[in-house]
Structures are given as structure tokens and as C-alpha cells.
Amino acid sequence: MTLSAVLHKPAPVDKPRQRLFIPGPTDVHPDVLAAQTAPMIGHRSDEFESLYAKCEAQLKQLFFTDARVYILAATGSAMHEAAIRNCVGGRVISFVNGAFSQRWYDVAVGCGKEAIRVDLPWCTAVKPAQVADALLSALADGPVDAITVVHNETSTGVTSPVAQIAALAREISPETLVLVDAVSSFSGTPIPVDEWGLDLCLTSSQKALALPPGLSFAAVSDRAFAKAGTVTGRGWYFDFLLLERYLKRNTTPATPAISLMRALSVQLDRIQTEGVEARFARHHRLAERTRAWAVEKGLGLMAEEGYASPTVTTIANTRAWDIQALNAFLAGREMELSDGYGEYKGKAIRIAHMGECWDEDLERLFGAVEEFAGL
Ligand SMILES: *Cc1c(COP(=O)(O)O)cnc(C)c1O
């Protein structure tokens, strides 16, 4: 056995070969898929309430928060909307450095809010100084209810320093809420929500959490919850005050996605068994390996130096591979990676290494890409 094989905990033996190296949806473990086939139960039952309470407690641990986690039967984009409807009465600043941060801005506009858009170059991170500049200039015209920042821009593979951003924003404008999208980083890297002072941190089920799509989660601070009480037009499905009332009884106002909750429960146990620290370390190790491989093969890296994502790597297609042909070749080996996003189509390759991805999966992918390219 090689040294690295000894150091790197092997994948569970029953783990199937990873197929999806796309940044969501990601492969789901068979035990997690199977959990969804259990019979329905009433959602106003003791059995459901204990399932909900268990998941809520485990999610709070994963978010490193003592406050609360709302669980919605809807995807992460819905949680973008929930965040805006509950936390923004007046103005919001949205930092846009990729497709998903742009979506959050679009959601704010769609909700009829006064959204101030701050564009930053794609493939770069949002920096605390840029946040300070934007906040100070907006504050000259009145208060700012919230800022929106995407922690891990999946479109470019860039991670922004949200801890430093939140700290500086708090210093400049204590009443401004810091809303963070951690859809593609959550559970792949530590995001201690309370310690970092994030007022809302949201994620989806189908990225690093490696669950089927259809659930989203948000850790919501007491400050954000209190703010919701002052904002009108929160709607009904996303209303934090209503969600809180039901959360106290370990259930949701509308019918929860019971099968997905069962899958969530099994997956949260699997994460606990692996150990969160080991899980974070695995993601960082896979990211480092992917970057090293790309450079070794004469490819470029798109992310600003020092801000590369731990869960998805964006590689410049400097060898001008036909990415469609590459994916057709990979399909024959039951694998798939992602083309560049939007204007990077054909110019970049995105390799997701999140969720159920292990060292041997990546090596198998790299081997196949090298075979395709004749490297
Ligand atoms: C995938 C993604 C979203 C959208 O999430 P859905 O669950 O598809 O609605 C938002 N933000 C980021 C960073 C994402 O990667």
C-alpha cells in the first residue's frame, strides 16, 4: 500500500462509482436513495415530529449555530427569495461576481425591493474592502437592510471570504444583515455561522450535501428573525414568523417533503459517521489534487489565486478540447463533467469534487480525460 493510500481514508466499500462530476445535482448514496422508499406517514404525527427534530438538531451542528435552521420543500433559489422577503424592507446591496450572485439580485428585483447591484469581475472573489466601499456609498442615501453575497460561486469556482466581509459590514453598519448563499460549499468546508456573524446562511440539498434536489436549508440568526417581524409582504410559504411557530412544534406549516426528509436523516447520519472534520479535509484535498492535476497537464486555473473553491474547480480550456466530445467520451465510461458557465462555455471546464466524491473517483476521471486527450 502506498503512503497516500494509508493516509487517505478509503471510500466505504459499498460506495458505487461516482458518475456526476457536475456541480449539482451530485451522486446520492444508495442508502440515502433507498430511504425515500419508506411508506408515507402523517406530518402531524409523533414519528414525523421526531424525524424533523433530529434533522434540525443535526443541521444546527453542521451550520455551527445555536439559533435555528428552517427547512423548505423547495430549492436554494426559493431560499434566496425567502431571505429577501423576510430580511429586506428597504434597500439591499447584491454583490455580483457570477451567475448565482446575479440570480440573488434578480430575485430581490423580482420581489420588488430596491436592490443595489455591485458588479465585480467574474472569477474574482468579493473582497471586504469592496463591500466597505459599496456600503459606505449606499449609506450616504439612507439605511441598508441587508447585503447578499455568494460564498462559493459555482459558475466560476471562486470562494469569497464571508467571515471578513461580515465582520467589516457589521463594523460599518451594525443594523445591516449579512445574507450568505452557501449552496455549493455547505458541508464541504467549515462555515461557522454564529462565529462568523452571518445573519442568514442558506444551502440546497443537491450539491455538497449529496441529497436529491428539492430541499433547502437556512440558518437564521435572532437578528434576522427579529427583522422579519418588521418587514411587510413576507408572503405565506416563506414567512419566517409562520415557519418559526411550526418549528417550535418540530414541523412545517405546509406538508413537508417526507421522503426527502427521510433521505436527509440518513445522509446526516452518514456525515456524522465520516466526521465533519474528515469531510471538510476530504473536500480540500480533492480540490488541491484537481488544481495540481490541471496545472500538471498544462491547463490553466480560472479562479483568482487564493480564492479557489474547495468543492468545484474551474479549469481554463487552454488545450482547446472539444468539451462536448469530451463529455461524449466520458459518457461511455459513465462519467460527466461540466462545460464552462455562460460566456465560459467551451472556454472552461468545471469539475465538481463534492458530496460523495473520493480520491479514486477523481483519479478515474483524470485517467479518462487523459485518454481522451491522448496525454
Ligand atoms: C445551484 C446553486 C444555486 C441554485 O440552487 P437551486 O437549488 O438550483 O435553486 C444557488 N446558488 C449557488 C451558489 C448554486 O450553486
Meets criteria (open to solvent by 10 Å² or more (accessible area, probe 1.4 Å), farther than 23 Å from L139 by Cβ and within 13 Å of the chain's Cα centre (by Cα)) for P190: yes
Any chance F280 is modelled with pLDDT of 95 or more and either touching a Phe, Trp or Tyr at 6+ places or on another chain (Cβ under 8 Å) or in a loop (DSSP other than H, G, I, E, B) (or both): no
Top-ranked residue of segment 230-240 - restricted to ones that are open to solvent by 20 Å² or more (accessible area, probe 1.4 Å) and among the hydrophobic types (A, V, I, L, M, F, W, C), ranked as nearest to A146 (Cα to Cα): F238
T311 farther than 22 Å from H151 by Cβ, outside the structural domain of P212 (by TED's automatic domain parsing) and β-branched (V, I, T): no
Residues satisfying the stated conditions in segment 72-100, i.e. within 16 Å of the ligand (Cβ to nearest atom), open to solvent by less than 20 Å² (accessible area, probe 1.4 Å) and in contact with a helix residue (DSSP H, G or I) (Cβ under 7 Å, 6 or more places away or on another chain): L72, H80, I84, S94, F95, V96, A99
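Conditions tested, residue by residue: (1) surrounded by fewer than 23 Cβ atoms within 10 Å (Cβ to Cβ); (2) in a helix (DSSP H, G or I); (3) of a type outside the set (S, T, N, Q).
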{"position": "F217", "(1), (2), (3)": "no, no, yes"}
{"position": "K227", "(1), (2), (3)": "yes, yes, yes"}
{"position": "L242", "(1), (2), (3)": "yes, yes, yes"}
{"position": "P256", "(1), (2), (3)": "yes, no, yes"}
{"position": "I271", "(1), (2), (3)": "yes, yes, yes"}
{"position": "A294", "(1), (2), (3)": "yes, yes, yes"}
Failed item in (1) in the same structural domain as L211 (by TED's automatic domain parsing); (2) over 23 Å from N152 (Cα atoms), with Q267 passing the rest: (2)
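The values are calculated or read from the model by the stated rules, or taken from the named source; none is laboratory data. Because the structure is a prediction, the values reported are computed rather than measured. As a convention, Cβ positions derive from the backbone with ideal geometry for all residues, glycine included, and neighbour counts pool all protein chains shown. Just so you know, the surface numbers come from the protein's heavy atoms only, side chains and all, with ligands and any DNA or RNA stripped out. Shrake-Rupley method; radii C 1.70, N 1.55, O 1.52, S 1.80 Å.
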